[in-house]
Amino acid sequence: MSMAGEMEALQKRRVLLVDDESEILTALEDLLEESYEVISTTSPKHALELLARMDDVAVIISDQRMPEMTGDQFLAQARGVSKAQAILLTGYADINAVISAVNTGGVVGYVHKPWDPELLRAIVANAADRYRLGRELALERALLQGLLESSGEAVSFKDAAGRFVRLNALKADSLGAEWSACLGRSEADFVDAARAETIARHEAQVIEGRKPVVETEDRVSGDDPARYFSVNRFPILDEQDQVSHVVTIERDITEQRLMEDRLRQSDKMQALGTLAGGVAHDFNNLLMAILGSLELAQRRMPQDERVSRYLDNAIMAGKRGAALTQRLLSFSRRKDLATQAVDVNRLVADMDELLERTLGGVVKVTLQAQDNLWSAEADPDQVELAILNLCINARDAMNDGGIITIATRNMHVEDEISDLAPGDFVVVSVTDTGTGMTEQVLRRALEPFFSTKAGKGTGLGLSMVYGLMTQLGGTVRIDSREGRGTKVELYLPRGQSALEAQETVAAPEIAKTQAARILLVDDDEGVREVTAAYLADLGHSLMEAADGPSALAILDKERPFDLLIADFAMPGMTGLDLARQTRAKRPKLPILLVTGHADMEETPEQMAVLVKPFQQAELAARIAELLRP
């Protein structure tokens, strides 16, 4: 239908005329047909049938005295099937009929015969307008109700005194009541005193400020995890520009909040990994210079048992430093779980130095290991990370120092642990003598990124440990009392495969190769000096360069080399850039990249890589591989 047609349909409302006298109907039709679409009948029963088929009759004009039924009786029945406005038309002054029509028929107008044409037109026009307004109001109510109930947000309307005048089922459910039971009541009737005070304060802020207020609230219900809501409150102003109502829209943003936290955590861990990689490079360069110099000194020192022992101790400490660098880097890397049979007692014992250096000297760590402990099916690196995290939490809970006890035991589980399938488990517990947790903190302890450290936490929370354990098929249990310390137990599934025997690895022999001409490139003078001494001891001749451009110049001017050894990370031109340009000119020249980035997972472009710090035997072995005919 065109817009003009719609306007005409809106203007020409449908009027139903009911009178047993045909002459009266004709007179009424002549009076009204110019402004309305007129339908007429002499039978009230027929009129009811028409009303049942037509839902758009705006006005009914009915005679009172008719053979089939009286007007007030007809209008009472009509009211059950139609929303039309009713006008009673009669030539008899029967006050009882009028009262009955008003009460049961919903009559909005009463006209005597003979009628005044202008008065009747005015009454009909007024009734048609009332019908139109009623239909519009009903439509708006239906739309509002549909919007309220289909919305995924909790919506409520309150008057200026804070009483509900309208709310949807979602809001009522959040209050634990039916929506009808909330009307006319304050939200304070359904929530605790603290929350009621907060709500009243925010609503007063909206009314006084006469502008919207958006808040983020976290809510805890019983033992359930906390949920986060974005609450938008805004005022509705009346004709006097005063706040008459306050609308509140509450949206659950828990998933969004957790995703944002995960993204921030991911960014933090990525930054930590980048920082750790850079620190590891410099640290490994230092270790390379230290360990290389010690190894060279050890070979050149005269036989003195005491000095040899000192050198052995220094070399051993340097190697532990290199292993510590590798281990710390693994904590900042994200990788898939690589499960295997793990000797948990040995794993915890090997963490002794890592824990000592990480926790400092303010706490004492003791180990209570069960004999004949089963193997656990787990990723050893991730289990180390979990134990380290629990120990850090335990240390932070003991401000004045204390004792951390790491214990292991075998346990068969039937059905006493709800989130654990029955079976055999290796249990690792970390117990502290610290402040313990309140009941509220204990309920939220496993929530992602929940912390009580006021911004001082590591970000590796108990939720990460719980996620790891569940991924492995285990779980986490926490026993804590305020003022009595905390025990956290890790349940690891029993290993399905046997532990591999640990063999003592003999010191590697130095591979023998024919003397070669080598170009050595490294920007760190200490590392370059040690590597050059290694190569000289192996019988090779060499030239040295401190950067890539100098190395390219030497390659262009000097006679051919048998091997290029270049540091991976150098300012300006990296070792990889140097290797690429060298390959373009001399594709058959073997290239060995050395790097202090201990976490470099892939060999760039299938090039040979040797990680610092390395021993002379490792260097000799790689050279032998590259120069093998």
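FYI, it's all coordinate maths here, none of it is from the lab. Just so we're clear, the structure is a prediction, and the values are computed from it rather than from any experiment. Quick reminder, even Gly has a Cβ in these numbers, built from the backbone with ideal geometry, and neighbours come from all protein chains shown.
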Completion exercise
Final fewest-first order of ASP282, ASP567 on the 10 Å Cβ neighbour count is ASP282, ASP567
Completion exercise
Length gained if GLN368 through ASP192 is fully extended, taking 0.36 nm per residue and subtracting the Cα-Cα distance, is 58.7 nm
Practice task
Please work out the FRET efficiency for the pair ARG559 and ALA297, using the Cβ-Cβ distance as r and a Förster radius of 45 Å; give the result to the nearest 0.05.
Solution key: 0.85
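Round to the nearest 0.05 the FRET efficiency obtained for ASN126 and ARG227 when R0 = 51 Å and r is the Cβ-Cβ distance. Before the final figure, lay out the partial values.
Values: r = 53 Å, r/R0 = 1.04.
Calculated value: 0.45.
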Exercise for the section: For a quick protection proxy, order the peptides 426-433, 408-415 by their average other-Cβ count within 10 Å, most packed first. Expected result: 426-433, 408-415
Exercise for the section: Assuming R0 = 56 Å, can you tell me the calculated FRET efficiency for the pair ASP55 and ALA200, based on Cβ-Cβ distance, to the nearest 0.05? Expected result: 0.75
Handout entry: Neighbour-count ranking [beta-carbon atoms within 10 angstrom, fewest first] of MET398, MET54
Key = MET54, MET398
Completion exercise
Note: LYS588 to GLU353 extended length (0.36 nm per residue) minus current alpha-carbon separation gives 80.0 nm
Handout entry: Added length on full extension, which subtracts the Cα-Cα distance from 0.36 nm per residue, ASN313 to ARG477
Key = 54.9 nm
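What ranking do TYR310, TYR491, TYR131 get, fewest neighbouring Cβ atoms within 10 angstrom at the top?
Details: TYR310 14, TYR491 24, TYR131 21.
In increasing order of surrounding Cβ atoms, one gets TYR310, TYR131, TYR491.
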Exercise for the section: Scan around HIS245 for amide H atoms under 5 Å from its own, H built in the peptide plane at 1.01 Å from N, and keep only partners 5 or more places away or cross-chain. Expected result: ILE236
Problem - Charge tally in the Cβ shell below 13 Å around PHE561, where Lys, Arg are +1 and Asp, Glu are -1, PHE561 excluded - result: +2
